[in-house]
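The values are calculated or read from the model by the stated rules, or taken from the named source; none is laboratory data. Computed from a prediction, not measured in an experiment: that's the story for all the values here. All Cβ positions, even for glycine, are placed from backbone atoms using ideal geometry, and neighbour counts span all protein chains on display.
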Amino acid sequence: MKGQKILKVTSILMIIGGVIAAIAGIIAILGVSALAALAGTVEDTGLLYASAILVTVASVIQFIAGIKGIGACSDPQKAAGCIKWGIVIAVLSIISMVIGIVGGGTFSIVTLVLNLLLPGLYVYGAVQMKNGVGV
């Protein structure tokens, strides 16, 4: 029961976060385009475009993973796929942080932990479901 609850709650949070992040990613892409138009050049916008596109792609993947997680709550055989989705989301979070650091940001262990918390709990719940602990 514990794994099922964790997977369901994290899946719902991922669906909500994925929708919000997708909207923010589209706005970011439009904002970079507007910035390039106002500047009259597209020079030095490559990293901005890359990070905005990464946010949009990651949010769609997060949304899909959330839907898959909800489905795995009723069918434990689907939990193995959720583990893979959670790992992909964690990797995308790390890539996003690396791009931020390359772009001039600073590294923070707190940010790293917070970025990996939801995917980590999602994977934990999926592992519990896969092993039959959460049913």
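When the residues of segment 49-99 are filtered to those that are in a helix (DSSP H, G or I) and free of Cβ contacts under 8 Å to residues at least 12 places away in the same chain, which remaining residue is farthest from GLY3 (Cα to Cα)? Out of the qualifying residues, it is VAL98. On the given criteria, is VAL98 surrounded by fewer than 16 Cβ atoms within 10 Å (Cβ to Cβ), out of contact with any helix residue (DSSP H, G or I) (no Cβ under 9 Å at 6 or more places or on another chain), closer than 21 Å to GLY17 by Cα and at pLDDT 90 or above? Spelling it out, it is not the case that VAL98 is surrounded by fewer than 16 Cβ atoms within 10 Å (Cβ to Cβ), out of contact with any helix residue (DSSP H, G or I) (no Cβ under 9 Å at 6 or more places or on another chain), closer than 21 Å to GLY17 by Cα and at pLDDT 90 or above.
Hey, does segment 32-43 have a residue that's charged (D, E, K, R) and under 16 Å from the mean Cα position of the chain (by Cα)? Before you say what the answer is, go through the steps one by one.
First pass over segment 32-43, keeping only residues charged (D, E, K, R): 43.
Retained after the next criterion (residues that are under 16 Å from the mean Cα position of the chain (by Cα)): none.
No, segment 32-43 contains no residue that is charged (D, E, K, R) and under 16 Å from the mean Cα position of the chain (by Cα).
All conditions in (1) surrounded by fewer than 16 Cβ atoms within 10 Å (Cβ to Cβ); (2) closer than 28 Å to GLY125 by Cα hold for CYS73, with the sole exception of (1).
When GLY105 is tested against (1) more than 13 Å from the chain's Cα centre (by Cα); (2) more than 30 Å from SER33 (Cβ to Cβ); (3) not hydroxyl-bearing (Ser, Thr, Tyr), only condition (2) is not met. A single entry from LEU114, LEU118 fulfils the requirement of being buried (at least 16 other Cβ atoms within 10 Å of the Cβ) and under 18 Å from the mean Cα position of the chain (by Cα): LEU118.
If we keep just the residues of segment 3-53 that are modelled with pLDDT under 90 and touching a Ser or Thr at 6+ places or on another chain (Cβ under 6 Å), which is surrounded by the fewest Cβ atoms within 10 Å (Cβ to Cβ)? So, considering only residues that are modelled with pLDDT under 90 and touching a Ser or Thr at 6+ places or on another chain (Cβ under 6 Å), the one surrounded by the fewest Cβ atoms within 10 Å (Cβ to Cβ) is ALA36.
How many of the residues in segment 49-59 are within 9 Å of ALA21 (Cβ to Cβ) and not small (Gly, Ala, Ser)? Result for segment 49-59: 2.
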